[in-house]
Amino acid sequence: MLSFIGDYTCKLDSKGRAVVPAVFRKEMQAIEETSFVLRRNIFDECIDLYPKGEWLNLIAGLRSKLSQFNREQSRFLREFFRGVLEVELDGNGRILIPHKMLDDIGIAGEEIVMVGQDSKIEIWGKIKYGESTMDTDEFVLLTTQIGL
């Protein structure tokens, strides 16, 4: 079962390439996967990085719930797929993150943080990731709200 955990600071080169941390690449090798799907996160200024198989599972779930013949659901799908793209791990364990996608979340030549979020990885600007930290009281309140 695929599970990405941990957060790792990575450097972007001038072309927007970043080395995927070895621990994440090891998870990908275990499922014999080399492709990722990049998508801007719905809620935060970060990028979601899905292994291709996980992305296909997500899409299968959407297909089972939505109709392409329903106008609102069709609009949802259009927006959901806006800006989505597939990338491959290169021979050096890197992925290319397009500059437009980096610009959209406010990353310009800085370090990034790749954050394991179970079946996906989030890509954050290092500063924004630090600012996203939740204080203990807020975290405890959320655990009770979701029934943990």
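Specify which labelled value, from (1) -0.26, -0.32; (2) -0.32, -0.39; (3) -0.57, -0.63, agrees with log10 I(q)/I(0) by the Debye sum over Cα atoms at q = 0.09, 0.10 Å⁻¹ derived from the coordinates of the model shown.
(2)
Please list, ordered by chain and number, the residues whose modelled amide H lies under 5 Å from the amide H of residue 117; skip anything fewer than 5 residues away on the same chain.
4, 122
Residue 62 accessible area, nearest 10 Å², 1.4 Å probe?
30
Give the ranking of 135, 44 by solvent-accessible surface, highest area first, calculated with a 1.4 Å probe.
The ranking, largest first, comes out as 135, 44.
Can you put 14, 132, 74, 35 in order of accessible area, largest first, using a 1.4 Å probe?
Sorted descending by solvent-accessible area, the residues read 14, 132, 74, 35.
Using amide H atoms built 1.01 Å from N in the peptide plane, name the residues 5+ places from residue 46, or on other chains, whose amide H lies under 5 Å from its own.
Sorted by chain and number, the residues that satisfy this are 41.
Just give me a number: lysine pairs in the chain, eight or more positions apart or cross-chain, with C-alpha atoms less than 29 Å apart.
Lysine pairs, 8 or more places apart or on different chains, close enough: 27.
Ranked from the most accessible area to the least, with a 1.4 Å probe and all protein chains present, what is the order of 80, 36?
Reading off the accessible areas and sorting them downward yields 80, 36.
Considering only the other residues whose Cβ falls under 15 Å of the Cβ of residue 79, what net charge follows from Lys and Arg at +1 and Asp and Glu at -1?
+3
The values are calculated or read from the model by the stated rules, or taken from the named source; none is laboratory data. Because the structure is predicted, anything quoted here is derived from the model rather than measured. Don't worry about glycine lacking a Cβ; one is built from the backbone with ideal geometry, like all the others, and counts go over all protein chains shown. Accessible surface is based on the protein model in full, side chains and every heavy atom, while ligands, DNA and RNA are left aside. Shrake-Rupley method; radii C 1.70, N 1.55, O 1.52, S 1.80 Å.
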